[in-house]
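Each remark here refers to the structure printed beneath this line.
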Amino acid sequence: MTTNAGQPGPDETMRMTTRVRERELQRDIDADRRSEYRLVYKAVIALAIIAAIAVVRQAFFA
Amino acid sequence: MTGVEWFAFFQTALVVVLLVFCATGIVPVVAAAVSFLAIPFHAVVNHYREARPYLPRVVVVVPAWNEGAVIGASIDRLMALDYPRDRIRVYVVDDASTDGTPDVVREKERQYPGAVRHLRRQQGGQGKAHTLNHGIAEAMRDDWMEALLIMDADVIYSADSLHKMTRHLADPAVGAVSAYIREGSRDKNYLTRFIGLEYVLSQPAARRAQNVLGAQACLAGGAQLHSRANLDALGGRVDTSTLAEDTITTFETQLRGRKVVFEPHAVVLAEEPRTIDALWKQRLRWARGNVSVTARYASIWFRPWRAPSLGSFAFGVVWFSLWLLPIAMVLSSVGLVGLLLMQSSLATVVFRVLWIAAALTFVFTLALGAQLDGPLTARAWRELLTFPGILSMLVMLTALFPRLIEVEIPGLFGAKLTSTALFWLTLAVYVWIPVSMLGAWLARAIEATRAGRVLSPALLYLVGYGSLLCAITFDSYIKEIRHADAHWDKTVKTGRVMS
């Protein structure tokens, strides 16, 4: 529904606000979902530290 | 059989028993390793694909007993959340407070008409669960509430935390959602930094793993969001018979076929104890609650056909390895000392296997955990480096690099360990874990003394924060065996959380 001046009416404004808000919330979900992929890199770094300790042990203290 | 043959048989049997004792020490290590190795799988095994933008009408139930110092600010922060104001109501359940709590809440009722309610319990002191049930019953009285958030009076929700939690309830299979409770005191000391690190390891780390494994052990007491359908299924109330209502709610939700999701990006700041004594009382309550939970659900452990998630082998091992950790540590030490006296070369091999596994698991968990909350771990770098305890780290170094500890470091001082000195050093290393628990107990015992102000923190850095938690769990066994009174012992909060 629009007003005589071509501006959106209260109901339409509410629906547009809701759609904008929903898009924001969906973007937030997508961003958080994508950020979980960083866990893989973080685990690799932690495993690399373990590997370094194993190498030092074998190379110098075996 | 001859006497000599009987003796040889007895000796072999004893070695086998001692090896079994030693093996108990590897179970918690393997459980921790498997749990933390599951964390990267959260990249793909998570609930975000089922999550949708969803802003249900939420009633926030806040149990409050003498929270006058913090409750006003908590209500203001709830009203300032990034959440539609007409879709959130706060019910403060005043548990017969004797301070200014009622006045503060009534003032907030006037400030936020229709959004804040003061519910007064005339008979207080029955415990948090009773107080919560008062608020839940009020919220269930009409149809307005679509989801219910249980929180503590002193915690601070980050602005986006509530909508990050509600999005999971768009999936009707989800019954409850928990958030990341982050230690958030303004005036941090060594103990709150240790607790902060522990929370990183137990929440954004371990609870992500529990999301992957398909079963959550416990909803955070200060941040649990339930769908109305879930509360209906639970009978509209939480358990009041134990000190572990949060865990029982979590278990009952999952046993009724609904999922519990941990949301790592919803952050809630909480105030944690600054003294070992206060921490001991809080954790003793939790540990004794876990004894009740373990007994109550005896029929589902390791029985996936009865409870697919909670009854799984992986979940059972994780649960029991934490609950029985002190026993495993003591048995493992007994086994090592016994083997040292009977077959010292076998003891050396077993010791190295156990402690190298423990050392590598510790390094992996800390290295991964530290990356999950960079700002917090940057502030707690001293506690991160000494989390297992300085002396425990020396034991780990002895296992990993024996020549370094036994030959090269003494050599720097022109010393050489005699076989007798080496025996006593080895014995000290093998009995270290039970001794470290005694060290943690001593740190609590002397904390209130003048010397204790310096010695208690020093002792904790030496024996390790894990030994403190083990000592508390051990104390819970003693209290249970003695049937000591189990009562609600509220952790005093003073509004130290960062705004």
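Can you pull out the residues in region B:272-299 that are surrounded by fewer than 19 Cβ atoms within 10 Å (Cβ to Cβ) and not in a helix (DSSP H, G or I)?
Residues satisfying the conditions are B:Arg274, B:Thr275, B:Ala298, B:Ser299.
Return only the number of the condition from (1) in a helix (DSSP H, G or I); (2) modelled with pLDDT under 90 that A:Ala5 does not satisfy.
It fails just one condition, (1).
Do we have any residue at all in region B:208-221 that's small (Gly, Ala, Ser), farther than 28 Å from B:Ala80 by Cα, more than 14 Å from chain A (Cβ to nearest Cβ) and open to solvent by 10 Å² or more (accessible area, probe 1.4 Å)?
Pass one, region B:208-221, residues small (Gly, Ala, Ser): B:209, B:214-215, B:217, B:220-221.
Narrowing the set further to residues that are farther than 28 Å from B:Ala80 by Cα leaves B:209, B:214-215, B:217.
Filter once more, so that each one left must be more than 14 Å from chain A (Cβ to nearest Cβ): B:214-215, B:217.
When the remaining residues are screened for being open to solvent by 10 Å² or more (accessible area, probe 1.4 Å), the result is B:214, B:217.
Scanning region B:208-221, I find at least one residue that is small (Gly, Ala, Ser), farther than 28 Å from B:Ala80 by Cα, more than 14 Å from chain A (Cβ to nearest Cβ) and open to solvent by 10 Å² or more (accessible area, probe 1.4 Å), so the answer is yes.
How about region B:447-458: which of its residues are of a type in the set (Val, Ile, Thr) and either assigned to a helix (DSSP H, G or I) or under 21 Å from B:Ile327 (Cα atoms) (or both)?
Applying the first criterion (of a type in the set (Val, Ile, Thr)) to region B:447-458 yields B:449, B:454.
Scanning region B:447-458 gives a single hit, B:Val454.
Tell me, which helices (runs of 4 or more DSSP H) wholly within region B:403-446 include 1 or more residues that are open to solvent by less than 40 Å² (accessible area, probe 1.4 Å) and in contact with a helix residue (DSSP H, G or I) (Cβ under 7 Å, 6 or more places away or on another chain)? If you could, list the steps in order and put the result at the bottom.
Working: elements: B:409-412, B:419-430, B:432-445.
So the answer is B:419-430, B:432-445.
Taking the residues in region B:381-411 that are among the charged types (D, E, K, R) and touching a residue at least 24 places away in the same chain (Cβ under 8 Å) as candidates, determine which candidate is nearest to B:Ser436 (Cα to Cα). Break it down into steps so the answer makes sense when it comes.
Going through region B:381-411, the residues among the charged types (D, E, K, R) turn out to be B:382-383, B:403, B:406, B:408.
After this cut, where a residue has to be touching a residue at least 24 places away in the same chain (Cβ under 8 Å) as well, the list is B:382-383.
On the way: B:Arg382: 19, B:Glu383: 17 Å.
Looking at residues that are among the charged types (D, E, K, R) and touching a residue at least 24 places away in the same chain (Cβ under 8 Å), I get B:Glu383.
Scan region B:47-70 for residues that are open to solvent by 30 Å² or more (accessible area, probe 1.4 Å) and in contact with a helix residue (DSSP H, G or I) (Cβ under 8 Å, 6 or more places away or on another chain) and jot them down.
Taking region B:47-70 as the starting set, the residues that turn out to be open to solvent by 30 Å² or more (accessible area, probe 1.4 Å) are B:49-50, B:52-55, B:57, B:65-66, B:69.
Matches in region B:47-70: B:Arg49, B:Glu50, B:Arg52, B:Pro53, B:Tyr54, B:Leu55, B:Arg57, B:Trp65, B:Asn66.
Could you please give the count of residues in region A:20-44 that are in a helix (DSSP H, G or I), within 13 Å of B:Ile39 (Cα to Cα) and either open to solvent by less than 60 Å² (accessible area, probe 1.4 Å) or within 7 Å of another protein chain (Cβ to nearest Cβ) (or both)?
Filtering region A:20-44 down to residues in a helix (DSSP H, G or I) leaves A:20-35, A:38-44.
When the remaining residues are screened for being within 13 Å of B:Ile39 (Cα to Cα), the result is A:38-44.
This time we only want the ones that are either open to solvent by less than 60 Å² (accessible area, probe 1.4 Å) or within 7 Å of another protein chain (Cβ to nearest Cβ) (or both), so: A:39-40, A:42-43.
Adding up the residues that qualify gives 4.
Is there any pair linking a residue in region B:66-80 that is assigned to a helix (DSSP H, G or I) to one that is surrounded by fewer than 17 Cβ atoms within 10 Å (Cβ to Cβ), with Cβ under 8 Å and at least six apart or on different chains, and which?
Listed by first residue and then by second, the contacts come to B:Gly72/B:Glu107; B:Ala73/B:Ser499; B:Arg77/B:Ser499; B:Met79/B:Arg85.
May I ask you to list the residues in region B:13-54 that are among the hydroxyl-bearing types (Ser, Thr, Tyr) and under 29 Å from B:Pro326 (Cβ atoms)? Break it down into steps so the answer makes sense when it comes.
As a first pass, look at region B:13-54 and keep what is among the hydroxyl-bearing types (Ser, Thr, Tyr): B:24, B:35, B:48, B:54.
Scanning region B:13-54 gives B:Thr24, B:Ser35.
What residue, among those in region B:86-111 that are at pLDDT below 95 and of a type in the set (Ser, Thr, Tyr), is nearest to B:Leu55 (Cα to Cα)?
Filtering region B:86-111 for residues that are at pLDDT below 95 and of a type in the set (Ser, Thr, Tyr), the one nearest to B:Leu55 (Cα to Cα) comes out as B:Thr101.
Within region B:32-46, how many residues turn out to be among the small types (Gly, Ala, Ser) and open to solvent by 20 Å² or more (accessible area, probe 1.4 Å)? It would help to see each step written out before you state the result.
We begin by selecting, within region B:32-46, every residue among the small types (Gly, Ala, Ser); these are B:32-33, B:35, B:38, B:43.
Among the residues that remain, those that are also open to solvent by 20 Å² or more (accessible area, probe 1.4 Å) are: B:32-33.
Summing the residues that are among the small types (Gly, Ala, Ser) and open to solvent by 20 Å² or more (accessible area, probe 1.4 Å) in region B:32-46 gives 2.
Could you please give the count of residues in region B:174-228 that are within 20 Å of B:Val45 (Cβ to Cβ) and β-branched (Val, Ile, Thr)?
Of the residues in region B:174-228, 3 are within 20 Å of B:Val45 (Cβ to Cβ) and β-branched (Val, Ile, Thr).
The values are calculated or read from the model by the stated rules, or taken from the named source; none is laboratory data. Everything quoted here is computed from the prediction, not taken from an experiment. Cβ: placed from backbone, ideal geometry, glycine included. Neighbour counts: every protein chain shown. These accessible areas exclude ligands, DNA and RNA; they are computed on the full protein's heavy atoms, side chains included. Shrake-Rupley method; radii C 1.70, N 1.55, O 1.52, S 1.80 Å.
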